[in-house]
1. Could you pull out every residue, at least 5 positions away or on a different chain, whose amide H is within less than 5 Å of the one on I75? Hs are placed 1.01 Å off N in the peptide plane, and Pro or chain starts have none.
2. So which lysines can K127 reach, going by Cα to Cα under 17 Å and dropping same-chain residues fewer than 8 places off?
3. Hey, what do the phi angles of the range 70-79 turn into as Karplus ³J(HN,Hα) couplings, whole Hz, using 6.51/-1.76/1.60 and θ = phi - 60°, x for Gly and Pro?
4. Residue by residue through the range 80-90, what is 3J(HN,Hα) from phi via Karplus (6.51 cos²θ - 1.76 cosθ + 1.60, θ = phi - 60°)? Round to whole Hz and write x for glycine and proline.
5. What list of ³J(HN,Hα) couplings, whole Hz, do you get for the range 37-46 from phi and the Karplus terms 6.51, -1.76, 1.60, once you set θ to phi - 60° and write x for glycine and proline?
Amino acid sequence: MIELALYVLPSVAIMAYLTNVALRASRPVSVKVLCIVGLAGLLPITTAGFSDLMGRPKPTAIQHPAVSGNDVTVIASTMKEGVNIWLWVVSDDQEEPRAYALPWSEQAAKQLRAAESEGEREGTPVKMRQAELQEPQEETDEPMFYAAPQMPLPPKTAEAG
């Protein structure tokens, strides 16, 4: 929610400044009242608009650089052939999951479905190379999606008898 304030506050400040300029100008009172009503109307529209945008998946092209080099965990995914692959991912250094829209790629779709099947079979989460969030690449030898390896069992301790 703090991110919303970071976007709305500068917009409100600009609108308030422009309204102040309009009020100080030598204009009829009706124009000044219209400026105040316009500002009052733009405030909820701006807040609602930014709030709506925050809930939509963002394209990976505008993803900020990663803080850590760790791969991200894919919590959920859905895809529409020829359109996008939508992902809900979380990183070790993030508290909240993020939604992203990858451009459609048949290779990526196949890798994602295979990783999901393997992860379900092995009981491990699906991972995605975090580098793909910065610059998606079509043809590489290394898969974009993979099932995380199983954690080794704890070592057995010998019981004294």
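No value in this document is a laboratory result; all are computed from the given coordinates. In this text, all values refer to a predicted model and were calculated from it rather than measured experimentally.
1. Excluding prolines and chain starts, which carry no amide H, the hits are W88, V89, V90.
2. Cross-link targets: K110.
3. Each residue's phi maps through the Karplus curve to give 5, 6, 9, 9, 7, 7, 8, 8, 8, 8 Hz.
4. Per residue, the Karplus-derived 3J(HN,Hα) values read 10, 4, x, 10, 8, 10, 9, 10, 10, 10, 9 Hz.
5. Values per residue, Gly and Pro as x: 5, x, 4, 4, x, 6, 4, x, 5, 5 Hz.
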